[in-house]
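Read through the structure below, which is laid out as structure tokens, and then see the notes.
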Amino acid sequence: MKVLILAALVTIVAAKSTYPAKTYKPSSYSAPAYEAPSYSAPAYEKPETYKAEPYSFSWDVKDEYYNDYAHSETSDGQVVTGSYRIELPDGRGQTVTYRADSNGYVADVKYDGEAKYPPPDYKPAAYSAPEYKASTYRVPAYKPPVYKSRARY
């Protein structure tokens, strides 16, 4: 065993003499020099603007039982005027007439008819309280464990 250890030491010493340790000079290497990043502001094109064009539209929906509403609007390129009409759940009709220009939005709201509570076609839903079945939980068949107090020393 001693011979084996001696042979290993001789091998290590021979290896060190064959491959001399390299000496590095810390001053011979300098830190890499990086330039500070430079960013330029993105060059966005100015969005294209369009001259206001005159337009006009109107539509309406007439479903005897459920829906009755309409909307119409007209613009000359400077001033927008229009109106819309809806049927409210209480049976009244609501008409909104509006005007929008450089001074803002002005609306006139009018109601037609008389509110009816509840609405004539209202039928309360039939509701019965839920019935719950008796629990099917059974008492466990095993005995719960009994713990003894610890002995004090």
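The values are calculated or read from the model by the stated rules, or taken from the named source; none is laboratory data. Note that the structure is predicted; figures quoted are calculated from it, not measured. Heads up, the Cβs are rebuilt from the backbone with ideal geometry, glycines too, and the neighbour counts pull from every protein chain shown. SASA here: full protein model, heavy atoms, side chains in, ligands and nucleic acids out. Shrake-Rupley method; radii C 1.70, N 1.55, O 1.52, S 1.80 Å.
One table, with the values for the structure above:
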| item | result |
| --- | --- |
| Sole exception among (1) within 30 Å of ASP121 (Cα to Cα); (2) at pLDDT 90 or above for VAL106, by number | (1) |
| Subset tally (residues that are part of a loop (DSSP other than H, G, I, E, B) and open to solvent by 100 Å² or more (accessible area, probe 1.4 Å)) for segment 102-113 | 2 |
| Top-ranked residue of segment 114-143 - restricted to ones that are under 30 Å from LEU88 (Cβ atoms) and aromatic (Phe, Trp, Tyr), ranked as surrounded by the fewest Cβ atoms within 10 Å (Cβ to Cβ) | TYR127 |
| Cβ-Cβ under 9 Å pairs, at least 6 apart or on other chains, segment 120-142 side without any contact (Cβ under 8 Å) to a residue 40 or more places away in the chain, far side open to solvent by less than 100 Å² (accessible area, probe 1.4 Å) | PRO120/GLY91; PRO124/PRO118 |
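Results for (1) over 60 Å from the mean Cα position of the chain (by Cα); (2) at pLDDT below 80, shown as yes or no for each residue.
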| position | (1), (2) |
| --- | --- |
| LYS2 | yes, no |
| LYS16 | yes, yes |
| TYR34 | no, no |
| SER38 | no, no |
| TYR44 | no, no |
| PRO47 | no, no |
| SER58 | no, no |
| TYR69 | no, no |
